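K.L.:
Below is the structure I would like to discuss, written out as structure tokens.
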Amino acid sequence: MSPNGSDRSPRRTMRRKLPQALALGLVIATATGCSANDLPRLGLPSPVTTDGHLVLQMWQGSWIAALVVGVLMWGLIIWSVIFHRRSRTGIQIPPQTRYNVPIEALYTAVPIVIVSVLFYFVARDESRLTHVSAKPQHFVNVVGFQWSWAFNYENTETPDPTSQIAAYDVGTPQDMPTLWLPVNESVQFRLTSRDVIHDFWPVNFMMKMDVVPGVVNKFEVTPTVLGTYDGKCAELCGVNHDKMLFKVKVVTHDEYMNHLQQLRASGQAGAVPSGITTMGSE
């Protein structure tokens, strides 16, 4: 009997609800639609660049660290609930621990170690992801504007009018543009904006960067997998932010060069204005 005279003890209630909680957890785990191949990525898309695996590894490592800490905390909570629960007949309070210097030092040291380790790996991988070479194989000046994108192929933020291979493509909110890139060749993006802050995010590249008016931001990737991928603006830039979508098409070198030739033949040679005033990234 419980202290209030009922035979529905807390222990019996817990035993009855435990299967329900386990069943709910199983439904949540299986209703996400993830396959066995998707599960190790923990929600991230498949990386399709040479450095994309760095972001995936960092994401997985953060999850592992969080799960280790979570399991430890859950274990301590469950242990306390089971071994320090109130007696059916007694009302005594379990022994209290106060001013225990070793425990308090442990509480302080462990979070500092965890944060320091995570910071080290983030700083290490970020320096690699943002590194740009002096002579990449291709340049693309990405121009963000309300509410779409323009791509100046084989042009930086200061277009070369004498270039024989320069070309451009411009999208609209109703007709999203497609960014063509050659597979297994390095491409440096020079990001510029005509109006407000945008954010250039080819999703499967595992990399995004702000597009800031008057400032040139840049990063470099080498696509490794042929295919078509989604891209979007990841910065809330105004009322039609949701329409700033684009596609990324990774093709062979010959297909890439043929695409530039087709753009030039259709009158899209040279470049569209990029709106640059300063080189804030250099």
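The values are calculated or read from the model by the stated rules, or taken from the named source; none is laboratory data. Fair warning: this is a prediction, and the values are worked out from it, not measured in the lab. Neighbour counts are summed over all protein chains in view; Cβ atoms, including those assigned to glycine, are modelled from backbone coordinates with ideal geometry. SASA here: full protein model, heavy atoms, side chains in, ligands and nucleic acids out. Shrake-Rupley method; radii C 1.70, N 1.55, O 1.52, S 1.80 Å.
K.L.:
Between Gly227, Gly231, Gly270, which is surrounded by 14 or more Cβ atoms within 10 Å (Cβ to Cβ) and on the phi > 0 side of the Ramachandran plot? Spell out the reasoning first.
P.N.:
Details: Gly227 fails: surrounded by 14 or more Cβ atoms within 10 Å (Cβ to Cβ); Gly231 fails: on the phi > 0 side of the Ramachandran plot.
Unique residue meeting the criteria: Gly270.
K.L.:
(1) at pLDDT 65 or above; (2) part of a helix (DSSP H, G or I): which one isn't true of Ile91, the others all being true?
P.N.:
Every condition holds for Ile91 apart from (2).
K.L.:
Based on what the data block shows, is Lys208 touching a Ser or Thr at 6+ places or on another chain (Cβ under 7 Å), closer than 23 Å to Gln137 by Cα and not aliphatic (A, V, I, L, M)? It would help to see each step written out before you state the result.
P.N.:
Working: touching a Ser or Thr at 6+ places or on another chain (Cβ under 7 Å): no; closer than 23 Å to Gln137 by Cα: yes; not aliphatic (A, V, I, L, M): yes.
In short, no.
K.L.:
Considering each residue of the range 212-236, count those that are part of a strand (DSSP E or B) and within 19 Å of the chain's Cα centre (by Cα), and give that number.
P.N.:
Residues of the range 212-236 that are part of a strand (DSSP E or B), as a first pass: 213, 217-221, 223, 227-233.
Of the ones still in play, those that are also within 19 Å of the chain's Cα centre (by Cα) are 217-221, 223, 228-233.
Count: 12.
K.L.:
Kindly indicate whether Leu263 is surrounded by 14 or more Cβ atoms within 10 Å (Cβ to Cβ), closer than 25 Å to Asp199 by Cα and aliphatic (A, V, I, L, M).
P.N.:
On the way: surrounded by 14 or more Cβ atoms within 10 Å (Cβ to Cβ): yes; closer than 25 Å to Asp199 by Cα: no; aliphatic (A, V, I, L, M): yes.
No: the conditions fail for Leu263.
K.L.:
Identify all residues within the range 229-253 that are of a type outside the set (A, V, I, L, M, F, W, C) and over 18 Å from Val140 (Cβ atoms); write none if there are none. Before the answer, list the steps.
P.N.:
Filtering the range 229-253 for residues of a type outside the set (A, V, I, L, M, F, W, C) gives 229-232, 235, 238, 240-243, 247, 249, 252-253.
Passing the criteria: Glu235, Gly238, Asn240, His241, Asp242, Lys243.
K.L.:
A follow-up question, please. So, of the residues in the range 48-67 that are in contact with a strand residue (DSSP E or B) (Cβ under 8 Å, 6 or more places away or on another chain) and of a type in the set (Ser, Thr, Tyr), which turns out to be most open to solvent (accessible area, probe 1.4 Å)?
P.N.:
Thr50
K.L.:
Then there's this: Please tell me if Trp149 is open to solvent by less than 30 Å² (accessible area, probe 1.4 Å) and either assigned to a strand (DSSP E or B) or over 24 Å from Thr50 (Cα atoms) (or both). Break it down stepwise before answering.
P.N.:
Values: open to solvent by less than 30 Å² (accessible area, probe 1.4 Å): yes; either assigned to a strand (DSSP E or B) or over 24 Å from Thr50 (Cα atoms) (or both): yes.
So Trp149 fits the description; yes.
K.L.:
Select from the range 152-168 the residues that are in contact with a His (Cβ under 9 Å, 6 or more places away or on another chain) and open to solvent by 10 Å² or more (accessible area, probe 1.4 Å) and list them in ascending order.
P.N.:
Of all residues in the range 152-168, those in contact with a His (Cβ under 9 Å, 6 or more places away or on another chain) come to 153-154, 167.
Glu154 - this is the single residue of the range 152-168 that is in contact with a His (Cβ under 9 Å, 6 or more places away or on another chain) and open to solvent by 10 Å² or more (accessible area, probe 1.4 Å).
So that you can scan it fast, the table gives a plain yes or no per residue for (1) in contact with a Phe, Trp or Tyr (Cβ under 7 Å, 6 or more places away or on another chain); (2) assigned to a loop (DSSP other than H, G, I, E, B); (3) modelled with pLDDT under 95:
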| site | (1), (2), (3) |
| --- | --- |
| Val248 | yes, no, no |
| Tyr256 | yes, no, no |
| Gln261 | no, no, yes |
| Val272 | yes, yes, yes |
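K.L.:
Do we find that Val239 is β-branched (Val, Ile, Thr), open to solvent by 40 Å² or more (accessible area, probe 1.4 Å), under 26 Å from Leu129 (Cα atoms) and assigned to a loop (DSSP other than H, G, I, E, B) in this structure? Write out each step before concluding.
P.N.:
Numbers: β-branched (Val, Ile, Thr): yes; open to solvent by 40 Å² or more (accessible area, probe 1.4 Å): yes; under 26 Å from Leu129 (Cα atoms): no; assigned to a loop (DSSP other than H, G, I, E, B): yes.
So Val239 fails the test.
K.L.:
A further question on this structure: Which of the following residues is at pLDDT 90 or above and acidic (Asp, Glu): Glu154, Glu126? Spell out how you get there, then give the answer.
P.N.:
Details: Glu126 fails: at pLDDT 90 or above.
Matching residue, one of Glu154, Glu126: Glu154.
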